[in-house]
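The next block holds one structure in the form of structure tokens; read it before the comments.
The values are calculated or read from the model by the stated rules, or taken from the named source; none is laboratory data. What you are looking at is a predicted structure, and each value in this text was computed from that prediction instead of being measured. In this analysis, Cβ positions are derived from the backbone assuming ideal geometry, glycine residues included, and neighbour counts consider all displayed protein chains. In case anyone asks, the SASA skips ligands and DNA or RNA and just uses the protein heavy atoms, side chains included. Shrake-Rupley method; radii C 1.70, N 1.55, O 1.52, S 1.80 Å.
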Amino acid sequence: MSAPKKDHVGGWHKKLGAMDRMRGLAKYTDDLELPGMLHAKIVRSPHAHARIVSIDASEALALDGVAAVITGRDMPIPYGIIPWTQDENALALDKVLYVGDGVAAVAAIDEDTANEAVRRVKVEYEVLPAIFDPEEALRSDVKINPYSRKGNLTKEVELEFGDVDGALAGSALVIEGEYFFEGTTHAAIEPHCALAKVDPDGLVTVWSATQVPHYLHRELARVLELPARRIRVIQPPLGGAFGGKSEPFDLEFCVAKLAMITNRPVKLLYTREEVFYSHRGRHPMRMRYRTGFDADGRITAVESQTTLDGGAYSSFGLVTTYYSGQLLTAPYGFGTYRFHSRRAYTNKPACGPKRGHGSVQPRFAMEIQLDKAAEALGVDPIELRRRNAIAADDLTINELRIGSTGFLACLDAVERASGWKERRGQLPYGRGLGVAGSTYISGTNYPIYPNEMPQSAVQVTLDRSGRARIFSGASDIGQGSDTMVAVIVGEELGLPLEDVRVLSADTDLCPVDLGAYSSRITLMVGNACLNAAQELRRKVQGSVAKRWGVEKSRVVLADRQAIDREDPSRAVPITQAIEWAESEHGLLAAAGSYNTPKDRHGSYRGGTIGASPAYSMTAHLAEVEVDDETGEVRVIAIWCAHDCGRAISRGLVEGQIEGSTYMGAAEAVLEVHAVDPAHGGVHAGPSLLDYRLPTALDTPAIHALIVEAPDAQGPYGAKEAGEGPLHSSIPAIANAIYDAVGVRLDELPFTPERVLAALEEKRKRERQSPREKLPLVAQAAEAEE
């Protein structure tokens, strides 16, 4: 099979806008300047939990250059990304719920003046008891969030499929474990920023570093009490998000309200410290698992109990609580399954979606459970996973329909590329290999707010110059969605990428797309774009076919030409073909839309959450080196094989695999997003100096291996590639550490302190019972004798 041309589906493409970013020409939100623009800052609480007694802004308003001060009373309507859990205000009304909660906002002629005005706003607080532990919060009578209907419980999910207790009782092997996944944050390079202005006709325009312009547009209309038609949201180029900008934040409401009050443009840029306090990152989870296996290693039962630390607000927490159980049921088949997940309010920055939302934490636990079972049964860890792999077009135990699956091919790829068969068990002490597998959704089957409308729409036009224009509501947050739609249009209309223009993420000019979250864009936006492009292709082909007097099927659009498939010597430039089509049809424009199939899930309550049109599959294999004197874990290499269905743009897919794997490795060995209860709940390190991330010197060699198992639901068979390649990197590293030095690390991150403690505990056990040096399967054989 010949390689695809560089501008075609499956080829390598220059990322649209990449050169502007590299040359410093891209205009991010903070680069925008408008005449008469004011700068805003937010007064933030120094207390983790307190009642607001009074706010006195008189000194701030008396300061020269201060234009306005607002409080929560100016925007009292609560909001939230999930319609059923709208439990926060743009600025706190009566209580602050964590250190950093917004209390008031000021607008002034420059940032220095705004910062001084913040210092002059006098807030009197009545300090209340603060709770930082989710289990304690669930027991406590102290209510944290005033909008909560069930104390400090934000969501509880209990689901059972089959007789779990009976299956566990009849299992040849039961593995039990308790795991803790520490909270982590997104650490995007660009801080949150928003700019608002009000036109003379009353149109409020908000430029924001958001990844969900449509949802922001809806919430702005609600909170500001304006008709949606009087609000416009524009997303400029974005400097990273990873889920951290996938809901509205206080700054967007504040700049809009201040612009309405002052009748001047207002900009607000978070400091790095504010980014850490605003958070919405990975939930800390405490997970207790029991997993049953038959004598051949097939999974008979899985039981999980999970407590999620949600922080002060719900955010996406309703979905996260479901995802902590619903998304565990592939790529392996379970005989029976039960999960019980509870999410608690605490007096911490709110948690939300981070790359691989809700399912990275349970995947960590499950994949270590599998490795423990493989050792106990004396089975190769890869072979154990093969035996349990779910088949294509099958139903999971919780009735999610799996389409294509390349999971077995992913296992084969990492096994082969890493030299697993030749090297496993042959490496010196301190060096080890570990494997893990995972799956992820290609978009959620249902929108965040219930409706029957399309989840995505795209408009494509052709003009006489031979240029195509794409109007897409999709948010390119660095993943390359603009490039993806351009490749699809180029493929269908025979145009190189330089002949395709993309205008995206402007709610006035583009049709609705729901945003860049849950790895939905390739499948959903891609399908909408494909529908529109194919309609235009058919029109052009039909007009050319009429001129030539041939069947439409004979006309091919390629290389800026319309060509007769059966007589390639007959061809016209694409500009001529477009003119013929425009003469026949008028303006050449087409709209495509996409909505999900509704047969991908069960009918039980909660069965729709976790459902997706298609699921990606991933296998990671990690190689680590552990220094048993210092406890340092060095990740040497990670092989990641990811089934993306079909790689529309191979370079973009490889980039997503590498970025996801890097983030997983960082969470495994370095990252901690935590507050310090001993100091009143202040952040333990709200800066990129204190929050540890891998530098280039710390980053392992990452080998991206593309596996293609095309899915009928995706454009050209494509599935997601943006989040799935993260999940199993973390347990692969954990399993490699065990292979290297024989200790299980069931809590993250794998710090030197934890490694040394585990090694000391292992040595203590060995001194007390030399028999424990034997592998578990050898112990079992010895016991039988």
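Looking at segment 500-520, is at least one residue assigned to a helix (DSSP H, G or I) and either in contact with a strand residue (DSSP E or B) (Cβ under 8 Å, 6 or more places away or on another chain) or of a type in the set (A, V, I, L, M) (or both)?
Going through segment 500-520, the residues assigned to a helix (DSSP H, G or I) turn out to be none.
No.
Within segment 705-721, how many residues are open to solvent by less than 20 Å² (accessible area, probe 1.4 Å) and either hydroxyl-bearing (Ser, Thr, Tyr) or closer than 25 Å to LYS354 by Cα (or both)?
Matching residues across segment 705-721 total 6.
Being out of contact with any helix residue (DSSP H, G or I) (no Cβ under 7 Å at 6 or more places or on another chain) and either of a type in the set (Ser, Thr, Tyr) or farther than 22 Å from MET366 by Cα (or both): is that true of GLY430 here?
Numbers: out of contact with any helix residue (DSSP H, G or I) (no Cβ under 7 Å at 6 or more places or on another chain): no; either of a type in the set (Ser, Thr, Tyr) or farther than 22 Å from MET366 by Cα (or both): yes.
Criteria not met by GLY430.
LEU93 passes all but one of (1) closer than 16 Å to ALA107 by Cβ; (2) assigned to a loop (DSSP other than H, G, I, E, B); which number fails?
Among (1) closer than 16 Å to ALA107 by Cβ; (2) assigned to a loop (DSSP other than H, G, I, E, B), the lone unmet condition for LEU93 is (1).
For every residue, the table says whether it meets (1) under 21 Å from the mean Cα position of the chain (by Cα); (2) modelled with pLDDT under 95.
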position: LYS719; (1), (2): yes, no
position: SER729; (1), (2): yes, no
position: ALA740; (1), (2): no, no
position: ARG771; (1), (2): no, yes
position: ALA783; (1), (2): no, yes
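Only residues that are out of contact with any Leu (no Cβ under 8 Å at 6 or more places or on another chain) and of a type in the set (D, E, K, R): list them for segment 426-466, please.
ARG431, GLU452, ARG464
Any idea how many residues of segment 601-654 are within 19 Å of ILE730 (Cβ to Cβ) and surrounded by fewer than 24 Cβ atoms within 10 Å (Cβ to Cβ)?
6
Counting only residues that are part of a strand (DSSP E or B) and open to solvent by 10 Å² or more (accessible area, probe 1.4 Å), which one in segment 279-296 is nearest to ASP371 (Cα to Cα)?
Of all residues in segment 279-296, those part of a strand (DSSP E or B) come to 282, 285-293.
Restricting the remaining residues to those that are open to solvent by 10 Å² or more (accessible area, probe 1.4 Å) gives 286, 288, 290.
Values: ARG286: 19, ARG288: 16, ARG290: 13 Å.
Applying the filter and picking the extreme gives ARG290.
Can you say whether LYS150 is assigned to a loop (DSSP other than H, G, I, E, B), closer than 26 Å to ASP87 by Cβ and either at pLDDT 95 or above or open to solvent by less than 20 Å² (accessible area, probe 1.4 Å) (or both), as far as the supplied structure shows?
Working: assigned to a loop (DSSP other than H, G, I, E, B): yes; closer than 26 Å to ASP87 by Cβ: yes; either at pLDDT 95 or above or open to solvent by less than 20 Å² (accessible area, probe 1.4 Å) (or both): yes.
Judged against the criteria, LYS150 is a match.
Which residue, of LEU220, LEU203, is at pLDDT 95 or above and out of contact with any Lys or Arg (no Cβ under 9 Å at 6 or more places or on another chain)? If you could, list the steps in order and put the result at the bottom.
Numbers: LEU203 fails: out of contact with any Lys or Arg (no Cβ under 9 Å at 6 or more places or on another chain).
Of the residues listed, the single one that is at pLDDT 95 or above and out of contact with any Lys or Arg (no Cβ under 9 Å at 6 or more places or on another chain) is LEU220.
Considering only segment 168-182, state which residues are open to solvent by less than 30 Å² (accessible area, probe 1.4 Å), part of a strand (DSSP E or B) and farther than 12 Å from MET366 by Cα. Break it down stepwise before answering.
Step one: list which residues in segment 168-182 are open to solvent by less than 30 Å² (accessible area, probe 1.4 Å), which gives 168, 171, 175, 177, 179, 181.
With the extra rule that they be part of a strand (DSSP E or B), the set shrinks to 175, 177, 179, 181.
Selection gives PHE181 alone.
Give the residue, chosen from GLU566, GLU551, GLU584, GLU535, that is touching a Lys or Arg at 6+ places or on another chain (Cβ under 7 Å), open to solvent by 50 Å² or more (accessible area, probe 1.4 Å), at negative phi and not assigned by TED's automatic domain parsing to the domain that holds TYR716.
Step by step, each of GLU566, GLU551, GLU584, GLU535 is checked, and only GLU566 is touching a Lys or Arg at 6+ places or on another chain (Cβ under 7 Å), open to solvent by 50 Å² or more (accessible area, probe 1.4 Å), at negative phi and not assigned by TED's automatic domain parsing to the domain that holds TYR716.
What strands (runs of 3 or more DSSP E) completely inside segment 588-653 contain at least 2 residues that are assigned by TED's automatic domain parsing to the domain that holds LEU530 and at pLDDT 95 or above? Steps first, please.
On the way: elements: 588-594, 615-626, 633-643.
Per the criteria, 588-594.
Does any residue in segment 402-413 that is aromatic (Phe, Trp, Tyr) come within less than 7 Å, Cβ to Cβ, of a residue that is open to solvent by 10 Å² or more (accessible area, probe 1.4 Å) and not in a helix (DSSP H, G or I) six or more places away or on a different chain, and which pairs are these?
As it stands, the answer is PHE407/ALA389, since those pairs meet every condition given.
Tell me, yes or no, whether segment 215-222 has at least one residue that is exposed (fewer than 15 other Cβ atoms within 10 Å of the Cβ) and in contact with a Ser or Thr (Cβ under 8 Å, 6 or more places away or on another chain).
no
What residue, of ALA26, ALA92, is touching an Asp or Glu at 6+ places or on another chain (Cβ under 8 Å), open to solvent by less than 20 Å² (accessible area, probe 1.4 Å) and free of Cβ contacts under 8 Å to residues at least 60 places away in the same chain?
Details: ALA26 fails: free of Cβ contacts under 8 Å to residues at least 60 places away in the same chain.
Only one candidate qualifies: ALA92.
Go through (1) on the phi < 0 side of the Ramachandran plot; (2) at pLDDT 95 or above one by one and return the number of the condition GLY65 breaks.
Just one mismatch for GLY65, condition (1).
If the requirement is being open to solvent by 20 Å² or more (accessible area, probe 1.4 Å) and touching a residue at least 12 places away in the same chain (Cβ under 8 Å), which of these qualifies: ASP513, ASP482?
ASP482
Pairs only if they're at least six apart or on different chains, beta carbon under 7 angstrom, first in segment 250-266 and touching a residue at least 40 places away in the same chain (Cβ under 8 Å), second among the polar types (S, T, N, Q); list them, first residue then second.
Going by the 7 Å Cβ cut-off, the qualifying pairs are GLU252/SER208.
TYR337 - would you say it is farther than 18 Å from ALA169 by Cβ, modelled with pLDDT of 95 or more and either in the same structural domain as TYR517 (by TED's automatic domain parsing) or not acidic (Asp, Glu) (or both)? Explain how you work it out, then say what you get.
Numbers: farther than 18 Å from ALA169 by Cβ: no; modelled with pLDDT of 95 or more: yes; either in the same structural domain as TYR517 (by TED's automatic domain parsing) or not acidic (Asp, Glu) (or both): yes.
Answer is no for this residue.
Step by step: first the residues of segment 249-278, then only those that are closer than 24 Å to ASP201 by Cβ and part of a loop (DSSP other than H, G, I, E, B), then the one that is nearest to the chain's Cα centre (by Cα). Which residue is that?
Looking at residues that are closer than 24 Å to ASP201 by Cβ and part of a loop (DSSP other than H, G, I, E, B), I get PRO265.
Mind listing whichever residues of segment 335-349 are open to solvent by 20 Å² or more (accessible area, probe 1.4 Å) and over 27 Å from ALA684 (Cα atoms)?
Within segment 335-349, the first condition is being open to solvent by 20 Å² or more (accessible area, probe 1.4 Å), and the residues that meet it are 335, 338, 340, 342, 348.
Of everything in segment 335-349, those that are open to solvent by 20 Å² or more (accessible area, probe 1.4 Å) and over 27 Å from ALA684 (Cα atoms) turn out to be GLY335, ARG338, HIS340.
Please determine, by comparing only the residues of segment 315-352 that are among the polar types (S, T, N, Q) and assigned to a loop (DSSP other than H, G, I, E, B), which one is farthest from the chain's Cα centre (by Cα). I'd like the intermediate steps shown before the answer.
Taking segment 315-352 and keeping what is among the polar types (S, T, N, Q), we get 315, 320-321, 324, 326, 329, 336, 341, 346-347.
Of the ones still in play, those that are also assigned to a loop (DSSP other than H, G, I, E, B) are 315, 329, 336, 346-347.
Details: SER315: 14, THR329: 19, THR336: 28, THR346: 23, ASN347: 24 Å.
Residue satisfying both the conditions and the ranking: THR336.
Report every pair of residues separated by at least 6 positions or lying on different chains whose Cβ atoms are under 6 Å apart, first residue within segment 584-602 and under 18 Å from ALA712 (Cα atoms), second in a strand (DSSP E or B) and open to solvent by 60 Å² or more (accessible area, probe 1.4 Å).
From residues that are under 18 Å from ALA712 (Cα atoms), the pairs are ARG600/ARG401.
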